Amino acid sequence: MRRRVRVAECAVAGLLLLVGTACGSRLPESAFADRSDRPGRTPTRSGTAEPLRVGIITSATSPVGGNTFTGPRDGAKAYFDRLNARGGIDGRRVDVRTCDDGGSGVGNNECVHKLVDEDKVVALVATSALDYAGASRVSRARVPDIGGQPIGAAYDTYPHLYGIYGSLAPRDGKPGWDGKLYGGTEIYRYFKREQGARTAAVVSYNQSASAAYARLVTQGLKAEGYKVVTEQVDFALPNFRAAAADLKEQGADVVFDAIDTYGNAQLCKAMDDVGADVLAKVTNVQNWTSTVREDYKDAPRCRNALWATGSSRNYDDPATATATDHEAVREFRDGTKNLKSHSQWQLEGWAAAMWFTDAARSCAKTGVTRACLDRFMDTGKPYTADGLLLPVRYERLPEPPKTRRTCLSVARWEDADGWVSQGDMNDECFDVPQLSYKP
């Protein structure tokens with residue numbers, strides 16, 4: 001029974017991540033002027049000024065498992081270590097205070113109290129919380145939360161919170177617009193246009209959160225003209241082999257899912273067992289990691305049909321023979337070379353720390369305060385973290401956009417080369433409808 005509960009918890013957590021990233025619409029970087037300064041690269045003068053204290057809240061010991069949420073924290077810490085080794089921010093070291101909220105709302109509120117009220121951090125950076133129950137407290141204290149992962153709806157709800165993917169919502173205390181968030185269909189458009197996919201399978205659990213997300217995916221696929229095959233399995237005793245056999249019979253050429261990482265691995269194994277070969281088994285940024293060989297060790301064919309999509313530049317770019325060399329990614333790889341594994345979430349945590357650093361440097365004349373950092377974050381100007389992110393914007397539109405030009409980063413796993421970028425993320429752009437859903 002304990003294992004069944006664990007599977008259910010993993011499913012819900014994975015779905016929160018999927019829904020949180022479903023609305024990550026971006027403009028191409030080419031639409032904005034390139035930055036000439038690169039934070040963290042030029043050594044600053046050393047000094048003995050009081051350190052800048054920042055906080056990182058992570059659900060490191062959540063019910064979902066040990067390393068599920070630690071990527072953003074590890075990436076941010078690696079950036080700050082590198083920054084401090086080069087003299088910090090105008091001679092001031094960054095003092096990083098971490099807090100593990102255990103994946104619970106109670107624990108999250110305790111972390112917020114410790115970091116915001118007791119430690120008096122000037123900002124939170126790279127938050128990755130399963131239950132961000134303390135978000136309203138952070139907002140009331142006017143503490144900028146910079147570059148957090150939108151696992152829930154907090155970054156589309158409260159002012160002073162700035163997630164890694166941006167938001168156009170009013171952020172007046174209610175999620176999105178009248179309680180609804182909006183996401184584009186760019187992922188489905190991509191696989192239809194670039195890979196020729198026409199029939200899509202959507203695999204979910206018979207559990208409320210899983211089923212709800214599967215309906216959202218199905219809605220988007222139908223809007224893009226796909227024939228959709230839905231497969232639902234029992235979350236406690238899933239029969240993935242039956243689902244795999246049916247999606248093969250139905251002729252699915254691309255597979256999306258509303259299940260957790262463990263379930264994905266089992267689904268892939270079942271697809272290999274029944275000979276269900278597809279153009280793409282599509283996963284998300286949470287599973288964009290260097291541990292694919294281990295996670296999918298029993299499914300070599302499906303493993304090499306894995307595709308990931310997101311809103312940040314492939315962390316594996318310098319490691320692949322065919323990728324365009326990108327200096328900011330090489331810096332990330334060099335700064336995290338001592339980590340046991342690499343992931344896209346680590347890169348986004350690194351970008352969050354860079355975002356804070358840029359904000360702090362903008363406060364050189366007035367002093368680094370919560371208010372000054374917030375002014376930098378709330379200008380509405382796009383931010384790319386030196387090209388690591390598709391341009392991130394925070395605006396407050398009174399009405400949700402009906403359509404939007406959106407871009408996405410796409411990579412495919414190949415055993416020989418790891419995650420191989422499929423084109424440049426600033427060029428993979430589509431004018432797509434924005435569909436509503438309730439968080």
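None of 69, 80 is buried (at least 23 other Cβ atoms within 10 Å of the Cβ) and at pLDDT below 95 except 69. Note on the stretch 397-412: residues that are over 18 Å from the mean Cα position of the chain (by Cα) and either outside any loop (DSSP other than H, G, I, E, B) or charged (D, E, K, R) (or both) total 5. The residue that is farthest from residue 398 (Cα to Cα), among those in the stretch 174-188 that are assigned to a strand (DSSP E or B) and open to solvent by less than 60 Å² (accessible area, probe 1.4 Å), is 184.
Does the stretch 283-294 contain any residue that is open to solvent by 50 Å² or more (accessible area, probe 1.4 Å) and closer than 30 Å to residue 337 by Cβ? Looking for residues that are open to solvent by 50 Å² or more (accessible area, probe 1.4 Å) and closer than 30 Å to residue 337 by Cβ, one finds at least one in the stretch 283-294, hence yes.
Of the listed requirements (1) surrounded by fewer than 20 Cβ atoms within 10 Å (Cβ to Cβ); (2) in a helix (DSSP H, G or I), residue 220 misses just one: (1).
If you filter the stretch 342-366 down to residues that are outside any helix (DSSP H, G or I) and modelled with pLDDT of 95 or more, you find that the one that is nearest to residue 59 (Cα to Cα) is 343. Annotation note: of 301, 375, the sole residue that is at pLDDT 95 or above, closer than 15 Å to residue 412 by Cβ and surrounded by fewer than 20 Cβ atoms within 10 Å (Cβ to Cβ) is 301. In contact with a Phe, Trp or Tyr (Cβ under 9 Å, 6 or more places away or on another chain), open to solvent by 30 Å² or more (accessible area, probe 1.4 Å) and at pLDDT below 95 - does that describe any residue in the stretch 160-173? No, the stretch 160-173 contains no residue that is in contact with a Phe, Trp or Tyr (Cβ under 9 Å, 6 or more places away or on another chain), open to solvent by 30 Å² or more (accessible area, probe 1.4 Å) and at pLDDT below 95. Can you name the residue in the stretch 160-171 that is in a loop (DSSP other than H, G, I, E, B) and in contact with a helix residue (DSSP H, G or I) (Cβ under 6 Å, 6 or more places away or on another chain) and is also nearest to residue 391 (Cα to Cα) among such residues? The extreme case among them is 164.
Of the residues making up the stretch 118-138, none is out of contact with any Cys (no Cβ under 8 Å at 6 or more places or on another chain), at pLDDT below 95 and among the small types (Gly, Ala, Ser). Inside the stretch 189-204, residues that are open to solvent by less than 10 Å² (accessible area, probe 1.4 Å) and either more than 21 Å from residue 271 (Cβ to Cβ) or in contact with a Pro (Cβ under 7 Å, 6 or more places away or on another chain) (or both) make up a count of 1. A single entry from 121, 96, 138, 112 fulfils the requirement of being part of a strand (DSSP E or B) and within 24 Å of residue 371 (Cβ to Cβ): 96. Look at the stretch 244-268: where a residue is part of a loop (DSSP other than H, G, I, E, B) and a partner is of a type in the set (D, E, K, R) and open to solvent by 40 Å² or more (accessible area, probe 1.4 Å), sitting 6+ places away or on another chain with Cβ atoms under 7 Å, you get 253/198.
Considering each of 143, 138 in turn, give the residue that is touching a residue at least 24 places away in the same chain (Cβ under 8 Å), under 17 Å from residue 355 (Cβ atoms) and out of contact with any Gly (no Cβ under 9 Å at 6 or more places or on another chain). Within the list 143, 138, the selection yields 138. Of the residues 411, 359, 352, 416, the single one that is of a type in the set (A, V, I, L, M) and open to solvent by 50 Å² or more (accessible area, probe 1.4 Å) is 416. Among the criteria (1) of a type in the set (Lys, Arg); (2) surrounded by fewer than 17 Cβ atoms within 10 Å (Cβ to Cβ); (3) within 15 Å of the chain's Cα centre (by Cα), the one residue 313 does not fulfil is (2). Taking the stretch 239-257 as the range and being within 22 Å of residue 207 (Cα to Cα) and either open to solvent by 50 Å² or more (accessible area, probe 1.4 Å) or at pLDDT 95 or above (or both) as the test, the residues that pass are 239, 240, 241, 242, 243, 244, 245, 246, 247, 255, 256.
For residue 106, the requirement of being open to solvent by 60 Å² or more (accessible area, probe 1.4 Å) and either closer than 23 Å to residue 328 by Cα or not in a strand (DSSP E or B) (or both) is met.
Only one of the listed residues (391, 382) is over 28 Å from residue 210 (Cα atoms), open to solvent by less than 60 Å² (accessible area, probe 1.4 Å), in contact with an Asp or Glu (Cβ under 7 Å, 6 or more places away or on another chain) and not small (Gly, Ala, Ser). That residue is 391.
The values are calculated or read from the model by the stated rules, or taken from the named source; none is laboratory data. None of these values were measured; they are calculated from a predicted model. Backbone-built Cβ (ideal geometry, glycine too); neighbour counts: all protein chains shown. Please note that ligands, DNA and RNA were not included when accessible areas were found on the heavy atoms of the full protein model with its side chains. Shrake-Rupley method; radii C 1.70, N 1.55, O 1.52, S 1.80 Å.
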